[in-house]
Amino acid sequence: MTLEQLQYFVAIVESATFFDAAESLHIAQSTLSKQIRNLELELDVQLFDRSRRHASLTDAGRILYPDAVKLLKGVQGMKQHLAPYQDSRRSILHLGALPILHQYRLNPVLRQFAESHPEITLMIDEVEDEPLRQGFRQGSYDLIIGRPELLTGVQSTCHLLAHDRLVLLTPAGHPLAGRPAVPLEELSGESFILMHPSSSIYRLCLTACQKKGFQPAVTRTAKIESIVSAVAAGEAVSLLPYSNLDVFRHENVAVIPLQEPVAADVVLACVSPKKLPLCGRTLWKYFSA
């Protein structure tokens with residue numbers, strides 16, 4: 001039995017399906033299934049009821065889950081306890097980030113940090129919201145760069161890196177396209193294309209609309225480039241962070257501010273600066289200076 005197998009087991013339980021767990025772990029589903037079968041053989045129990053569509057735990061699986069979570073947290077705690085005694089000259093810093101470093105001009109800052117601290121090897125993993133959140137919870141990343149909504153319900157300390165706001169995207173010929181600003185509540189009758197439901201931006205959009213008294217009619221979800229193209233074709237309207245449009249622009253799309261701004265900020269986050277390894281505290285101080 002390995003820690004990796006336990007991490008895979010926990011990922012399946014928290015993702016509900018083998019497919020979603022494999023996606024979040026960035027491994028093939030066949031590899032994941034093989035490792036779980038090896039774990040079951042090692043423990044001489046069946047952990048999942050495979051006759052069902054979702055990854056349903058057996059009684060043995062339900063017993064193992066809290067123990068596996070406790071063990072993985074214990075290993076991470078052990079690593080954190082040893083961090084102050086590790087030689088910073090051989091430090092490896094694991095940074096997880098949403099794929100937004102370019103939009104917020106963070107790549108040059110990270111490069112400057114790496115150049116000014118050659119004793120630290122900076123490993124950057126750009127992933128989508130759910131694997132970033134899961135990696136942060138499991139201790140795979142020392143720090144992450146993401147949005148505050150991603151960390152809802154997760155113990156964390158955040159440092160603001162960039163301000164941003166949601167803007168309305170409409171087809172160029174839409175009745176709202178010429179307005180200097182639009183109240184969010186005026187969009188209650190519109191059809192929306194939003195980012196994937198697992199994204200922090202999707203949750204931010206839903207929360208903002210619900211605060212204005214309506215549930216947005218989401219016709220489909222997509223990646224940003226597909227959203228912009230669909231809006232340009234007149235399929236629906238959308239809400240996106242303004243800075244994303246530095247990369248994904250379209251001449252047939254109107255970009256309109258919301259009358260009451262909805263923040264879509266970007267933060268650097270860790271569990272606690274005091275619990276970071278020395279190299280992690282160095283990056284934290286670099287951004288906080």
*Got at least one residue in the stretch 118-126 being part of a helix (DSSP H, G or I) and under 29 Å from residue 224 (Cα atoms)?*
no
*Unmet criterion (only one of (1) under 25 Å from residue 269 (Cα atoms); (2) not assigned by TED's automatic domain parsing to the domain that holds residue 128) for residue 50*: (1)
*asked:* Quick check on this structure: which one of 187, 176, 204 is closer than 22 Å to residue 152 by Cα, surrounded by 13 or more Cβ atoms within 10 Å (Cβ to Cβ) and not small (Gly, Ala, Ser)?
replied: 204
*Report yes if some residue within the stretch 31-49 is assigned to a helix (DSSP H, G or I) and under 24 Å from the mean Cα position of the chain (by Cα); otherwise report no.*
yes
_Search result, residues across the stretch 246-289 that are in a helix (DSSP H, G or I) and exposed (fewer than 15 other Cβ atoms within 10 Å of the Cβ)_ = 246, 273, 274, 285, 288
*Residue check: is residue 30 at pLDDT below 90 and touching an Asp or Glu at 6+ places or on another chain (Cβ under 7 Å)?*
no
*Provide a single number: the residues in the stretch 109-133 that are crowded, with 21+ Cβ neighbours inside 10 Å and under 24 Å from residue 74 (Cβ atoms).*
2
*Please specify each residue of the stretch 190-216 satisfying the condition of being in a loop (DSSP other than H, G, I, E, B) and either of a type in the set (Asp, Glu) or without any contact (Cβ under 8 Å) to a residue 24 or more places away in the chain (or both).*
190, 215
*Can you pull out the residues in the stretch 57-66 that are surrounded by fewer than 13 Cβ atoms within 10 Å (Cβ to Cβ) and within 28 Å of the chain's Cα centre (by Cα)?*
62, 66
*Within the stretch 66-77, can one find any residue that is closer than 30 Å to residue 270 by Cβ, in a helix (DSSP H, G or I) and of a type in the set (Lys, Arg)?*
yes
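The values are calculated or read from the model by the stated rules, or taken from the named source; none is laboratory data. On a predicted model such as this, the values are computed, not experimentally measured, just so you know. Neighbour counts run over all protein chains shown; Cβ positions are idealised from the backbone, glycine included.
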